[in-house]
Amino acid sequence: MQGAPQNLGSVGPTGSGRTPQDAVLACHAVVVCGDIGSFVPIGGDRPYIPELMLSMAAAVIEVGGDPADVVEVTTRAFLGLLVYYQAVLAAEPGAREPLLDRMLVAAQDGSLRGMLAGMVAGCDARGMGVHFAR
């Protein structure tokens, strides 16, 4: 990978110097908890579910930990999805989705984390973490 970093010192809780390939493997360490899919539009021509899963995998890497903090990972994943949604709206203002509008308001007023925390409470996150990348 030309131009890619030789290690990802910020990956994981200790900055253990994992390689970019390790970070790719960490993408398999996602656990979907609760009914978070109920906040994501299904169908249509925009890949909201795949975008949420990519954001969740990135959040697992960013948060680090074994297991990862499921509330933090889920919150960051939805924030990533909302960045994508805002890009969609910038390109197509008529592409509004009521579910995502609700999440966007929650992110803006600071209630998103609490809303998601209630949904993922008690989740078995033993399979979610950077340990799969070792």
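We did not get these values from a lab; they are worked out from the coordinates using the rules stated. All values derive from a computational prediction rather than experimental measurement. Here the Cβ positions follow ideal geometry from the backbone for every residue, glycine too, while neighbour counts run over all protein chains shown.
In this label model, Asp45 and Val32 are separated by 2.4 nm, measuring between points 7 Å along each Cα→Cβ vector. Here the label points at Ala90 and Asp124, each 7 Å from Cα along the C-beta direction, are separated by 4.2 nm in the simple model. How much net charge surrounds Leu100 when only other residues with a Cβ under 11 Å from its Cβ are counted (Lys, Arg +1; Asp, Glu -1)? Result for the local shell: 0. Taking Cβ atoms as reference points and 13 Å as the exclusive limit, the residues near Phe39 contribute a net charge of -3, counting Lys and Arg as +1 and Asp and Glu as -1. For the range 20-133, the Kirkwood hydrodynamic radius comes to 14.4 Å, computed from all pairs of different C-alpha atoms.
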